[in-house]
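Enquirer: The structure that follows is given in the form of structure tokens.
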Amino acid sequence: MGSGIAQVTSLGGSDVTLIDTDEGALERALAAIRSSLDRFVAKEKTSAEDAEAALGRITTATGLEAAAGAEIAVEAVFERLPVKQEVFRTLSAVCAPETVLATNTSAIPITEIAAAATHPERVVGTHFFSPVPMMRLCELVRGLHTGDEALAKARAFAEAAGKTCVVVNRDVAGFATTRLICAFVNEAARLVEDGVISAEDLDTACRLGFGHPMGPLATADLTGIDVITHATENIYEDTADPKFFPPAMLRRLVAAGEIGRKSGKGFFDYEGLSTGLWTTERRGPRPAPLRMRPSSR
Ligand SMILES: NC(=O)c1ccc[n+]([C@@H]2O[C@H](COP(=O)([O-])OP(=O)(O)OC[C@H]3O[C@@H](n4cnc5c(N)ncnc54)[C@H](O)[C@@H]3O)[C@@H](O)[C@H]2O)c1
């Protein structure tokens, strides 16, 4: 996500510093940006000169001190609260008080991340979608303390990167889009695990009946079943709403490492497509299993 956000921001004309603690990740990010820009040039969506200039505006660094002087810092590290909070603590020390601190979290409440920052009124959610260069939406999310100025600056930033913004006015778990996709995938998985309909037919029904470009199960495979499961766990933890309790099928697929395209198998098979991206080291240890509790609603 970080490389995609860097790409669209630099194409929009801004200087970007892409920061990752892992040098290998930075090399992979630059290679991904190059190959994405090449595809844009081949399809005549971007000129070769603009692509070259965009690449020239991106520098890389392994330490967050490189964010000093930034107008906006967009965090896109692992989806784990302590990791994000540590980044926000450091950014608060490194950046000027007026620097907007944005998070690309999919489901963690912005207010919880902002609790680690100084001046929480400058913390805002900028939820981009994958693949960032292709997907036009940016979901802006207000934390409890997010100020109008930070929201306006985040909107200007996303729009300069070619995105259309929607605003989530209350910091509810999963915001609007993650809540929707989790509810949709959970119900789809329940229908399949109850034997009501096959995975293939369920996705066909959504494509042909609702006009969705992809069914929810293929979407889960593309996003990563581990990512969806983790997101719905976060929403369930926050809301105690049983519809967000991850169905057994999702939890078993994650336990088996069948997490979608990146592992070669999920709801569907993707033989030969595995990127081997998922490892416990990258995602951290799995949290203790959730227990179902009565809904507070
Ligand atoms: N992948 C998606 O489809 C998607 C979509 C929308 C939002 N998101 C959110 O975006 C964020 C990133 O997701 P991703 O899929 O790109 O994750 P990823 O695991 O591919 O990349 C995260 C990167 O953060 C780096 N990192 C970890 N800790 C760091 C630190 N302290 N300082 C600097 N770099 C650090 C890691 O080395 C890694 O390269 C998550 O919050 C995720 O929920 C992901």
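Enquirer: Under unit Cβ charges (Lys, Arg +1; Asp, Glu -1), what dipole magnitude, rounded to 20 debye, does the chain have relative to its Cα centre?
Expert: My answer is approximately 560 debye.
Enquirer: A further question follows. Could you work out the mean projected area of the convex hull around the alpha carbons of region 80-136, in square nanometres to one decimal?
Expert: The number I arrive at for region 80-136 is 4.2 nm².
Enquirer: Roughly how much of ARG252 is accessible, in Å² to the nearest 10, using a 1.4 Å probe?
Expert: Per-residue accessible area (ARG252): approximately 150 Å².
Enquirer: Same structure, new question: I want to verify a result. In a Gaussian network model of the chain, Cα cutoff 10 Å, which of these has the top mean-square fluctuation: GLU149, GLU121, GLU44?
Expert: GLU44
Enquirer: Students sometimes get this wrong: rank LYS45, LYS84, LYS262 by accessible area, probe 1.4 Å, all chains present, largest first.
Expert: Sorted descending by solvent-accessible area, the residues read LYS45, LYS262, LYS84.
Enquirer: Estimate the FRET efficiency between GLU237 and GLU98 by the formula 1/(1 + (r/R0)^6), using the beta-carbon distance for r and 22 Å for R0, to the nearest 0.05.
Expert: 0.10
Enquirer: Using the crude model of +1 on Lys and Arg Cβ and -1 on Asp and Glu Cβ, and no other charge, please compute the dipole size for region 2-168 relative to its Cα centre, in debye to 20. Don't jump to the answer; show the numbers that get you there.
Expert: Values: 15 positive and 22 negative charges, 87 e Å.
That gives a dipole near 420 debye.
Enquirer: To check you understand DSSP bridge types, tell me what percent of the beta bridges within the chain (both residues inside) are antiparallel, rounded to 5.
Expert: 30
Enquirer: Relative to the first principal axis of the alpha-carbon coordinates of the chain, what is the inclination of helix 23-42, with its axis defined by its Cα atoms, in degrees from 0 to 90 and to the nearest 10?
Expert: Between the helix axis and the principal axis of the chain, the angle is about 90 degrees.
Enquirer: For an R0 of 30 angstrom, estimate the FRET efficiency from the Cβ-Cβ distance between GLU200 and ARG39 and round to the nearest 0.05.
Expert: 0.50
Enquirer: Further question on the same structure: Any idea what Rg and Dmax come out to for region 1-114 if you just take the C-alpha atoms, in Å?
Expert: For region 1-114, the Cα radius of gyration and maximum Cα-Cα distance read 14.8, 43 Å.
Enquirer: Roughly how much of ARG122 is accessible, in Å² to the nearest 10, using a 1.4 Å probe?
Expert: Its heavy atoms expose roughly 10 Å² to the probe.
Enquirer: Another question, if that's okay. How long, wide and thick is the chain, going by the Cα atoms along their three principal axes, in whole angstroms, largest first?
Expert: So the three principal-axis extents are 55, 47, 35 Å.
Enquirer: Would you calculate a helix-derived [θ] at 222 nm for the chain, using -39,500 (n - 2.57) for each DSSP H run of n ≥ 4 and dividing by the full residue count, to the nearest 500?
Expert: Mean residue ellipticity at 222 nm (helix-derived): -14000 deg cm²/dmol.
Enquirer: Follow-up. So which residue, out of PRO109, PRO131, PRO247, gets the largest mean-square fluctuation from a GNM of the chain using Cα contacts under 10 Å as springs?
Expert: PRO131
Enquirer: Follow-up question, since we're still on this one. Can you list the lysines whose alpha carbon sits under 22 Å from that of LYS163, skipping same-chain ones fewer than 8 residues off?
Expert: Straight-distance partners of LYS163: LYS43, LYS45, LYS153.
The values are calculated or read from the model by the stated rules, or taken from the named source; none is laboratory data. This one's a predicted model, so the numbers in the text were calculated from it and none came from an experiment. Cβ atoms come from the backbone with ideal geometry, glycine included; neighbour counts cover every protein chain shown. The accessibility values were calculated without ligands, DNA or RNA, using every heavy atom of the protein model including side chains. Shrake-Rupley method; radii C 1.70, N 1.55, O 1.52, S 1.80 Å.
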